[in-house]
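Accompanying notes for the structure given below.
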Amino acid sequence: MSSTYGDPATRHRILEAAWGLVTEKGGQFNLSEVATSASVSRQAVYLHFGDRAGLLIALVQHMDDTLDLGQALTRVHAEPDGASLLEASMRLNATFWAKVFPVAQVLEAAQHDDSDLGAAWRDRMRYRYQAFRAMIESLATRGELDEEWSVEDATATLYAVAHFDTWRELVIELQWSDDRYVDSMTRVLRRALLSS
């Protein structure tokens, strides 16, 4: 498991090195490569993160912090109406998945074989679900959520539409542009969730 050992600057350098290696090689890297890339000893990597799983779990949080996800979500919530909020959320979704794709792919693929990595993936999915729930609650409070939807069902629908699998299939496999993804998903969500 991850620890809080040592110098924060060294920890940051190790995380950035790990991010680079995952981006370059997917899951096919080891801690020696991370240490070399970060210009630290392998022992330093172990002291900071415990093992490879601990490093990847810490990397997930590091990515959120580095990409300023909290501020980006604040901007989405500041949108003046439901249609704009849904479009902004899909734009953020497309941007975020593109930036974290290599790490997300590793975590998703390993979630059933490695309990630590599975826990990290499920933790991120719970975070996303709660972020989408806050958006749906905002729509409901504004009176913009179609009255046929419960907050729970609308949240689950938004979560599913914005899920990594959906983004990956459309953008990576079918090679949709970001704009096509955002426009299409926004259109689906507006028609499905918003009151006329």
Apply the Karplus parameterisation 6.51 cos²θ - 1.76 cosθ + 1.60, with θ equal to phi minus 60°, to every residue of region 21-30 and state each ³J(HN,Hα) to the nearest whole Hz, in sequence, with x for glycine and proline.
5, 5, 4, 7, 10, x, x, 8, 9, 10
Output the relative contact order of the chain, whole-number percent, from Cα pairs under 8 angstrom with separation of 6+ residues.
21 percent
Given the candidates Ser89, Leu21, Gly70, the one whose Cα lies deepest towards the positive end of the charge dipole of region 9-96, counting +1 at each Lys or Arg C-beta and -1 at each Asp or Glu C-beta, is Leu21
Please state the relative contact order of region 32-117 as a whole percent: Cα pairs under 8 Å, 6+ residues apart?
24 percent
Could you point to the residue in Ala110, Ser184, Val171 farthest towards the positive end of the chain's charge dipole, with +1 and -1 charges on the Cβ of Lys/Arg and Asp/Glu respectively?
Ala110
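Reported to two decimal places, what Rg/Rh ratio describes the chain when computed on Cα atoms with Rh from the Kirkwood expression?
Values: Rg = 18.6 Å, Rh = 18.0 Å.
In the chain, Rg relative to Rh is 1.03.
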Under the helix-only model (-39500 (n - 2.57) for each DSSP H run of 4 or more, divided by the residues of the chain), the mean residue ellipticity at 222 nm, to 500 deg cm²/dmol, is -24000 deg cm²/dmol
When the label point is put 7 Å from the Cα of Arg75 along its Cα-to-beta-carbon vector, which residues of region 92-128 have a backbone N closer than 18 Å?
92-100
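Given R₀ = 25 Å, what would the calculated FRET efficiency be for Arg180 paired with Leu67, taking r from the Cβ atoms and rounding to 0.05?
Given R0 = 25 Å and the Cβ-Cβ separation, E is 0.65.
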Could you tell me, in Å, what Rg and Dmax come out for the Cα atoms of region 127-193?
12.6, 37
Using +1 on the beta carbon of Lys and Arg, -1 on that of Asp and Glu, and nothing else charged, what's the dipole of region 126-194 about the Cα centre, debye to 20?
180 debye
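Stretch Glu147-Ala160 to full length: gain in nm at 0.36 nm per residue minus the Cα-Cα span?
Values: separation 13, 0.36 × 13 = 4.68 nm, distance 1.99 nm.
Difference between extended and current length: 2.7 nm.
To the nearest 20 debye, what is the magnitude of the charge dipole of region 60-123 about its Cα centre, counting +1 on the Cβ of each Lys and Arg and -1 on the Cβ of each Asp and Glu? Please report the intermediate quantities before stating the final value.
On the way: 4 positive and 11 negative charges, 43 e Å.
For this selection, approximately 200 debye.
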List the residues, sorted by chain then number, that are 5 or more residues from Leu145 or on another chain and whose placed amide H is less than 5 Å from its amide H.
Ala140, Ser195
What is the helix-to-structure angle for 82-110, meaning the angle in degrees between its Cα long axis and the longest Cα principal axis of the chain, kept from 0 to 90 and rounded to the nearest 10?
30 degrees
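Every number here is computed from the coordinates shown, using simple stated rules; none is lab data. Only a predicted model underlies this, so the values are computations on that prediction, with no experimental measurement involved. Every residue, glycine among them, receives a Cβ derived from its backbone with ideal geometry; neighbour counts consider all protein chains shown.
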